[in-house]
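Just so it is clear, none of the values below were taken in a lab; they were calculated from the coordinates. Fair warning: this is a prediction, and the values are worked out from it, not measured in the lab. Cβ: placed from backbone, ideal geometry, glycine included. Neighbour counts: every protein chain shown.
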Amino acid sequence: MSFIFPKWANTLPLKVAVGAFLVANAAGAGVWYYLTPKYTRVGYTPKQPIAFSHAIHSDQLGIDCRYCHSAVEKSWFSNIPASSTCMNCHSLVLKDDPKLALVRESFQTGRSIPWVQVHKVPDYVYFNHSVHVNRGISCVHCHGQINHMEEVQHAKPLSMGFCLDCHRAPEEKIRPVELVTQLDWKGAVNGKQLVHDWNVKPGQSCSTCHR
Amino acid sequence: MRYFLTLFVLAVIGVVSALGFRGDKSRKPPRMAEIFPDLNIQPKLRPQTVTKFDGFADGASSRVYPVGTVAQKVGFLDNTTWEDTAINTGRDAKGFVDSNPVPVTSELLKRGQERFNIYCQPCHGAQGDSAGGIVKKLGATSVANLQDQRIVRMNDGEIFNTISYGKNTMMGYAGQVPVSDRWAIIVYVRALQLSRLGAKDDVPAPVLEKLK
C-alpha cells in the first residue's frame, strides 16, 4: 500500500495559512485603501464645458471668491455664478474670444451653462456653507487650494470622519472671519481664544448633520 | 508556493496599476454612490441642477420669477419696506434722492469697505480711481474714475441706480449686492472721495505738525 499523502503535504497547512494570510491582508488593505472617499472622491476632476481657471481669476487677477459665489455667506448652497456675472467683465475683456463662446450664447439665450458638479454630500446629509464661513472656517479646509487650480479638483474626502475631525477640534482650523476667502493665508491665531470668544460649538450629535 | 507568490505579486501590481493611488486625477465621477445608492439620491430638487419635471419646461431646478412679477414687500433688512420706497429705488417723487436714506454708522462704513473691495475693486481699483483695476489693465479704457468731480457731485440716488441697473458698459449688480449693501458701498465711495478732497486746513494742527 502506498502512502495516502505525498511528503510535500506535510507543509501544506503552513502554506495554506501563509497564502490565506497574504490574500486576506491584501484584500483588507485594498478595501481600506480603495473603497474609502479618500480614494473614490479625492482627485475627481470632471472636464468642464468651458476651460474656466480659478488660478487665473482668483490668484492672478485677485477676484474675491464672493464676487462669483455670492451666496456662500447667506445660504447653505454656494451658487455657481450666472453667465451674466462672467459677462460683467467679459463684455469688456476677451469680448470675441472663442473660449468664451458658450458664455455669450448662454447670456443671450438664457440657457444655463452645463457646469459639471464636483463636490456633493449625499442627500441624507445636512450641510450648510454660511454657518462655516461666518464662523471663520475657510474654504481651503474643505476644498483645498482652489485658487491655484486650473481645473477644480476634489481635494478633500468630505467623508463623515473628515467632518467630525474638525467638529471635535475647531480651534486648529478657525481664523478671523475676514480672512476666510484668503486661501493662502498662513498666519497664526490663538484658535482656542477665538473658539471661546465666539462660543463656537460645532455639534457632534447625529442630528447635527442628519436631520 | 512559488507560483502562488508570483501570481500574488502580479495581482497586487495589476490592481495598483489599474486603480492607481489616492488623489490621482480622475475624470470619472466617484463610483460608490452607484453601487449602493441607499438614500444618496433622493427625489428632491437641489438648486442649480437639471430636473425632468414637466412643469419646468426649461429643465432647471432653480426658477426665475415669471415675467411681470411685482414684489410687494422686499428689500431692506427686514423685508418690510414697500418696493417703491426711496430706500429700494434710490428715487422719490422728485427724482434721484440727494443723500443716503440709511443712517450712516461706522459699521455701515466697514461693511461698505468690505463689499466695495469684493464687487467694485476689480474694475474701479482699491481707491476708486480705476488705477490697478484689472479690466483697465487689459485695455478696457471705458471704466469710470469714481474720483471724478462729476461723480463726486452726483446724487447718492443716482449712484444707487448705477449699482442696481448698471450704466452704459457697466452691468448691474442687483443680483450680487443686496439693497442694504448698495447703500453701504455708497458710504464707502464717499469716504474714498473725501480722502482725496481734503485740504491742508482740514487736518488738525497737532497732527499736521507730526506729518511734516
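Scanning residues 5 or more positions from B:ARG91 or on other chains, those with amide H under 5 Å from its amide H are B:VAL97, with H placed 1.01 Å from N in the peptide plane.
Helical runs assigned H by DSSP (4 residues or longer) give the protein assembly as shown a calculated mean residue ellipticity at 222 nm of -11000 deg cm²/dmol, each run adding -39500 (n - 2.57) before division by the residue total.
Pairs exceeding 27 Å between alpha-carbon atoms, taken from A:LYS47/A:LYS156; A:LYS186/B:LYS110; A:LYS120/A:LYS192; B:LYS52/B:LYS167; A:LYS173/B:LYS110: A:LYS120/A:LYS192; B:LYS52/B:LYS167. Put in order of Cβ neighbour count within 10 Å, fewest first, the listed residues B:VAL189, B:VAL97 become B:VAL97, B:VAL189. Let me know the shape class of segment B:86-211, please: from the alpha-carbon gyration tensor, a ≥ b ≥ c as square roots of the eigenvalues, rounded when a/c is under 1.5, otherwise prolate if a/b is greater than b/c, or oblate. Since a/c reaches 1.5 but b/c is at least a/b, the shape of segment B:86-211 is classed as oblate. In terms of other Cβ atoms within 10 Å, A:VAL16, A:VAL103 run from fewest to most in the order A:VAL16, A:VAL103. Rounded to the nearest 20 debye, the dipole size of segment A:99-211 about its Cα centre is 160 debye, using +1 on the Cβ of Lys and Arg and -1 on the Cβ of Asp and Glu. The mean number of partner chain beta-carbon atoms within 10 angstrom of a residue's beta-carbon across peptide B:1-10 is 2. Going from the residue with the fewest nearby Cβ atoms within 10 Å to the one with the most, B:SER164, A:SER138 rank B:SER164, A:SER138. In summary, the lysines within cross-link reach of A:LYS15, defined as a Cα separation below 17 angstrom excluding same-chain residues under 8 places away, comprise A:LYS7. Shielding of peptide A:35-48 by partners, expressed as the average count of other chain Cβ atoms within 10 Å per residue Cβ, is 5.
If you sort the three axes of the alpha carbon gyration tensor as a ≥ b ≥ c, you get a/c of 1.5 or more for the protein assembly as shown and a/b above b/c, which makes it prolate.
Within chain A, the whole DSSP H helices whose Cα atoms reach 24 Å or more along their own axis and whose mean Kyte-Doolittle score is at least 1.0 are A:12-34. Loop-resident chymotrypsin sites (Phe, Trp or Tyr not before Pro) (DSSP state other than H, G, I, E or B) in segment A:90-126 with no more than 13 further Cβ atoms inside 10 Å of their Cβ: A:TYR124, A:TYR126.
Averaged over the residues of A:84-96, the number of partner chain Cβ atoms lying within 10 Å of the residue Cβ comes to 4. Which angle between 0 and 90 degrees, to the nearest 10, do you get for helix B:106-119 versus the longest principal axis of chain B when only C-alpha atoms count? For helix B:106-119, the angle is close to 50 degrees. Helix B:156-165 and the long axis of chain B differ in direction by around 30°, with both axes built from C-alpha atoms. Straight-line cross-link reach from B:LYS94 at under 16 Å between alpha-carbon atoms covers these aspartates and glutamates, not counting any fewer than eight positions away in the same chain: B:ASP84, B:ASP156, B:GLU158. Any chance you could give the angle, 0 to 90 degrees and rounded to 10, that helix B:179-197 forms with the longest Cα principal axis of chain B? The angle comes out near 60 degrees.
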